[in-house]
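The values are calculated or read from the model by the stated rules, or taken from the named source; none is laboratory data. Since the structure is predicted, the reported quantities are computational estimates derived from the model, not experimental observations. A quick note on method: Cβ atoms are made from the backbone with ideal geometry, for glycine too, and the neighbour counts reach across all protein chains shown. For the accessible areas, the whole protein counts, side chains as well, though only heavy atoms, and no ligand, DNA or RNA atoms are used. Shrake-Rupley method; radii C 1.70, N 1.55, O 1.52, S 1.80 Å.
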Amino acid sequence: MKDFIVIDDLSNEEIEHLFQIADDMAGIIDSGNPKIARDKIMATLFYEPSTRTRFSFESAMLRLGGNVLGFAEPKTTSVSKGETLADTARVMTEYADIIVIRHPMAGAAKVMADFAHIPVINGGDDSHQHPTQTLYDLYTIQKHLGTIKGLKVGLCGDLKFGRTVHSLAYALARFDAMMVGIAPAGLEMPNYVVQKLKLKYKQGFEYVDNLEDVIGDLDVLYMTRIQKERLPQNIDYNSVSGKFVINKELMSKAKKQMMILHPLPRVDEIAYEIDDDDRAFYFRQSAYGVRVRMAITALLLGLLKMPNTVRTQPSPRLVTVKKRCVNPRCITTQEVYIEPKFELVSDLMLNCAYCEELPVDGEQ
Ligand code: NCD
């Protein structure tokens with residue numbers, strides 16, 4: 001495995017092994033000075049705003065004894081002169097040993113990985129996926145509830161434009177958790193995610209109208225904010241925000257062990273009055289991001305290895321067909337040198353290998 005672009009790049013066994021490494025990293029953080037990444041450089045290329053992802057990756061690399069360079073504002077780089085991702089990738093290959101990229105177009109991290117000769121990690125690509133967030137979402141659940149299998153997980157908020165819930169939904173399905181959606185009208189899970197859950201993982205995706213209807217049954221409630229910056233013009237932010245808010249009154253109906261998770265930043269979907277509740281895990285969750293990102297960084301740099309006994313994830317089955325991606329936010333629509341590719345998800349399903357959207361027939 002060279003890159004980590006989508007959650008399916010890691011098998012369940014690899015994820016479980018990575019969690020053990022993350023536990024070891026916690027020990028390394030406490031004891032101070034690991035230096036296993038001495039002389040290695042991480043480039044953090046953030047074409048979109050971030051607090052946690054960039055700083056926790058940089059913190060992870062510094063705690064591993066490595067160095068970091070990068071940008072948080074692409075306007076200060078040659079991107080503003082029209083440089084392509086492919087050219088940036090080729091150049092960064094000579095300047096760093098590993099790249100973390102966040103980008104406002106879906107599939108951009110895959111393009112970077114295709115052209116860079118060093119490992120690339122997806123730090124979030126538009127509404128597509130955020131696989132390292134998923135790793136520490138799962139790590140937090142596993143650590144505090146002991147298992148993921150058989151849990152009932154509520155996914156609440158913007159399930160359409162939020163990328164964290166997409167990679168998380170696939171992972172939860174793979175680890176045999178049950179899911180229920182709670183979303184404002186128009187912000188339900190995209191069809192391509194629901195289809196993939198159904199055809200690849202044999203899991204349906206159902207909704208309830210209100211948090212009250214389901215809160216007593218949940219083991220985990222995963223809250224998300226409305227992705228205001230990604231809403232299309234026909235969806236008014238005020239008509240979809242503030243619909244689902246978790247507060248003390250609702251928490252009185254929840255199980256004693258129910259965990260509340262949130263990738264953060266929160267806006268108004270979690271009342272501050274429950275921050276002191278033992279079931280509010282979101283700040284512990286974001287703290288775990290550092291050890292989990294240390295683990296994935298060390299693995300991709302080849303500083304640590306998966307044992308040979310750990311089963312690896314099969315590669316996606318790619319095909320070239322006369323189809324085109326319909327997603328205007330797919331990187332293939334912007335960077336014209338990219339040859340469209342499609343992935344055979346199941347015998348009945350083909351999706352864009354960059355953004356996962358279902359394609360339509362047509363000449364490229
Ligand atoms: C998330 C993201 O960027 O997708 N933030 C994060 O990385 N923790 C969630 C969000 O912005 O809503």
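Name the pairs whose Cβ atoms lie under 8 Å apart, with the first residue in region 220-236 and free of Cβ contacts under 8 Å to residues at least 12 places away in the same chain and more than 18 Å from residue 272 (Cα to Cα), the second near the ligand (Cβ under 10 Å from one of its atoms) and in a helix (DSSP H, G or I), and 6 or more positions between them or separate chains? Final answer for the pair search is none. Here residue 24 clears all of (1) in a helix (DSSP H, G or I); (2) surrounded by fewer than 22 Cβ atoms within 10 Å (Cβ to Cβ); (3) within 16 Å of the ligand (Cβ to nearest atom); (4) not aromatic (Phe, Trp, Tyr) except the condition numbered (3). Taking residues in region 328-348 that are under 14 Å from residue 86 (Cα atoms), and partners anywhere that are acidic (Asp, Glu) and surrounded by 13 or more Cβ atoms within 10 Å (Cβ to Cβ), the pairs with Cβ atoms closer than 9 Å and at least 6 places apart or on different chains are 331/125; 331/126; 338/114.
Whenever a residue of region 53-77 is within 11 Å of residue 289 (Cα to Cα), its partners that are basic (Lys, Arg) and surrounded by 15 or more Cβ atoms within 10 Å (Cβ to Cβ), lying with C-beta atoms within less than 7 angstrom and at least six residues away or across chains, give the pairs 53/102; 56/293; 57/293; 60/293. Within this structure, residue 101 passes the test of being within 16 Å of the ligand (Cβ to nearest atom) and either assigned to a helix (DSSP H, G or I) or out of contact with any Phe, Trp or Tyr (no Cβ under 7 Å at 6 or more places or on another chain) (or both). Reported count of residues in region 57-96, each being in contact with a Phe, Trp or Tyr (Cβ under 9 Å, 6 or more places away or on another chain) and part of a helix (DSSP H, G or I), is 9. Give me the residue from region 156-203 that is hydroxyl-bearing (Ser, Thr, Tyr) and within 24 Å of residue 142 (Cα to Cα) and, out of that set, nearest to the ligand (Cβ to nearest atom). Here the residue is 164.
I'd like the full set of residues that are assigned to a loop (DSSP other than H, G, I, E, B) and touching a strand residue (DSSP E or B) at 6+ places or on another chain (Cβ under 6 Å), limited to region 259-291. Answer for region 259-291, where residues must be assigned to a loop (DSSP other than H, G, I, E, B) and touching a strand residue (DSSP E or B) at 6+ places or on another chain (Cβ under 6 Å): 262, 269, 279, 281. From the residues in region 53-72 that are surrounded by fewer than 19 Cβ atoms within 10 Å (Cβ to Cβ) and within 16 Å of the ligand (Cβ to nearest atom), which one is nearest to residue 229 (Cα to Cα)? Going through the qualifying residues, I end up with 72. For residue 107, the conditions (1) touching a helix residue (DSSP H, G or I) at 6+ places or on another chain (Cβ under 8 Å); (2) among the small types (Gly, Ala, Ser); (3) more than 16 Å from the ligand (Cβ to nearest atom); (4) modelled with pLDDT of 95 or more are fulfilled apart from (3). Filtered by the rule that a residue be open to solvent by 10 Å² or more (accessible area, probe 1.4 Å) and either within 16 Å of the ligand (Cβ to nearest atom) or modelled with pLDDT of 95 or more (or both), region 211-223 gives 212, 216, 217, 219. Within region 38-52, the residues that satisfy the criterion of being assigned to a loop (DSSP other than H, G, I, E, B) and open to solvent by less than 70 Å² (accessible area, probe 1.4 Å) are 40, 47, 48, 50.
Conditions (1) of a type in the set (Phe, Trp, Tyr); (2) away from the ligand (no atom under 16 Å from the Cβ); (3) surrounded by 18 or more Cβ atoms within 10 Å (Cβ to Cβ), marked per residue:
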| site | (1), (2), (3) |
| --- | --- |
| 255 | no, yes, no |
| 259 | no, yes, yes |
| 262 | no, no, yes |
| 284 | no, no, no |
| 300 | no, yes, yes |
| 322 | no, yes, no |
| 354 | yes, yes, yes |
